[in-house]
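**Student:** Sharing a structure, written as structure tokens. Questions coming.
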Amino acid sequence: MGGTYLNKTINECKRRYPDNEIWVQVRSWNERAIKCYLKSGFVEKHRDTIIDRLNKNEDFIFMKYEIR
């Protein structure tokens, strides 16, 4: 179901903001989400460690949607 929801969200983003890039950031340990993003057309662009809302260092992957 995640892929279906994600693809609908991508289509809505493209409809509302056709000139903007679509980016997501996901925690590096979230393998299920990463797999879903990759399957839907996102590509890993970089990784970074940032402070999350709980003031904890977390590793994130930044992914960009690439039109297939």
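Where a number appears in this text, it was derived from the coordinates with a stated rule and is not lab data. Only a predicted model underlies this, so the values are computations on that prediction, with no experimental measurement involved. Virtual Cβ from ideal backbone geometry, glycine too; neighbours counted across all protein chains shown.
**Student:** For the stretch 1-30, which positions are within 15 Å of I61 (Cβ to Cβ) and more than 12 Å from the chain's Cα centre (by Cα)?
**Tutor:** Correct list: W29 only.
**Student:** Check off (1) within 10 Å of the chain's Cα centre (by Cα); (2) surrounded by 14 or more Cβ atoms within 10 Å (Cβ to Cβ); (3) among the aliphatic types (A, V, I, L, M) for V43 and give me the number that stays unchecked.
**Tutor:** Answer for V43: the failing condition is (2).
**Student:** State all residues of the stretch 1-10 that are surrounded by fewer than 13 Cβ atoms within 10 Å (Cβ to Cβ) and not basic (K, R); if no residue qualifies, say none.
**Tutor:** M1, G3, T4, Y5
**Student:** Going through the stretch 11-30 one residue at a time, which ones are free of Cβ contacts under 8 Å to residues at least 24 places away in the same chain and loosely packed, with under 10 Cβ neighbours inside 10 Å?
**Tutor:** R15, R16, P18, D19, N20
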